[in-house]
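Before any comments, here is the structure.
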Amino acid sequence: MRADLVGSCIAHWTVKWLSRITSGLESMIPKHMTHQYVRVTTECLIKNKHYGTPVNPCAPDRVPGGSSSGSAGVVGADLADFSLGTDTGGSVRVPASYCGIFGFRPSHGAISTSGVTPMAQSFDTVGWFARDPVLLSRVGRALLQIPDAHPVRPVQLIIAEDCFQLSSIPTDRVKQVLVHSVEKLFGVSKLNGHVLKHANLGDIVKDKVPSLNCFFGKGNASQEFNIPSLAALSSAMRILQRHEFKTNHGEWIKTIRPDLGPGISERVWEAVRAADENTNVCYSVKTELRAALTELLGDAGVLAIPTVPGPPPKLQMDPTTLETFRARAFSLLSIAGVSGFSRFLACWLWFPNHNTASAKRSNAEPSHGQREVSGAAHKLKRHLHSCKALSKSPC
């Protein structure tokens with residue numbers, strides 16, 4: 001956020017939404033309210049030059065996420081029960097994943113952004129964080145202004161097989177968590193193609209979003225092992241975000257020439273100097289993707305995709321490796337971003353020791369990775385139980 005607008009906009013926006021939350025959570029006493037999140041990194045994977053990088057409470061030697069990582073960090077460190085953030089390219093979803101907490105990015109437009117300085121208004125979305133799924137749901141009902149409702153049972157849960165192939169975490173172990181949770185919730189009999197299904201999302205996007213054709217091959221050539229249609233989707237998202245950022249802030253950037261940190265400086269100036277190429281096509285991509293996902297999911301379907309392609313990058317990660325990771329991350333993040341659909345971060349599926357051999361004997365002490373699987377399954381089950389009521393919202 002621009003420094004000259006912080007005071008006026010943050011005060012207005014915070015008071016409006018804090019009042020709504022506290023009126024819906026009568027017993028909640030805010031412990032921590034700060035505008036720190038407007039000052040932390042504005043890139044999903046880049047450190048902050050001026051204020052330092054917020055500490056990742058789960059992994060202090062790794063990045064905490066994007067521009068709402070301050071909000072995620074205080075919740076992850078048990079300094080606050082919940083917090084608010086904004087998500088344009090992934091800045092609620094990524095910090096929630098990296099800091100080991102729950103995060104929710106609602107459907108675009110479900111919560112008013114009145115009082116929030118726009119970055120790219122076709123993507124800017126207000127979201128929130130909590131450690132507990134029950135509280136995450138309560139905060140969501142307050143923000144979305146929906147009453148308590150009976151949970152809606154998902155008609156289907158579709159695992160995007162190709163998206164999980166982008167992850168550095170073994171695919172079978174992640175899918176095991178999903179399958180186990182669905183078994184517990186709906187019964188084994190429901191797994192025979194009725195509730196749990198599988199799909200290659202890249203093929204669906206390629207077939208159903210014809211406007212993407214002009215974006216194939218654009219972007220970073222280092223997008224190794226990426227899904228071509230999702231890489232094209234990421235390119236379309238980036239082009240439209242640059243265009244809207246330039247429209248909103250280009251003159252201010254060129255006039256003030258703010259002191260920006262490495263990484264973010266290059267991207268800001270790239271946006272300001274970019275030609276407005278294919279921007280109208282980008283809006284068509286958004287419309288077509290939304291229609292494709294609506295057809296795929298129906299009224300009460302859930303699409304399971306990884307939030308990011310692996311654990312949080314190290315603070316000192318090699319730039320080339322970081323760029324490859326970033327390209328793959330934005331291919332995954334662009335699915336909800338471009339469609340405007342809501343996105344739960346259901347659980348933290350990071351296995352620090354995922355190369356550790358599993359115990360061979362049934363009575364052996366479980367490995368750290370096995371304990372993570374068990375914990376993640378428990379979190380996912382609790383989350384699905386507690387948050388399904390939100391599906392009656394505009395999300």
TODO: Taking H placed 1.01 Å from N in the peptide plane, check which residues at least 5 places from Ser168 or on another chain put their amide H under 5 Å from its amide H.
DONE: Gly310
Task: Under Karplus coefficients 6.51, -1.76 and 1.60, residue-wise ³J(HN,Hα) of region 310-316 in Hz, glycine/proline x - done: x, x, x, x, 5, 4, 10
Task: Interchain or long-range residues, amide H under 5 Å from Leu303's placed H - done: Ile158
Task: Whole-Hz ³J(HN,Hα) from phi, Karplus 6.51 cos²θ - 1.76 cosθ + 1.60, for region 277-293, glycine and proline x - done: 9, 6, 5, 5, 5, 4, 5, 5, 4, 4, 5, 5, 5, 4, 5, 5, 6
Open item on the list: Using amide H atoms built in the peptide plane, which far-off residues or other-chain residues are under 5 Å from Leu315 H to H?
Closed with: Arg62, Val63
Task: In order through region 248-254: 3J(HN,Hα) via Karplus (6.51 cos²θ - 1.76 cosθ + 1.60), integer Hz, x for Gly, Pro - done: 7, 10, x, 5, 5, 4, 5
Open item on the list: Set the bar at 24 Å for Cα to Cα. Now go through Lys206/Lys286; Lys184/Lys314; Lys49/Lys314 and name every pair that lies beyond it.
Closed with: Lys184/Lys314
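The numbers here are math on the coordinates, done by the rules we state, and not lab data. None of the values given here were measured: they were computed from a predicted structure.
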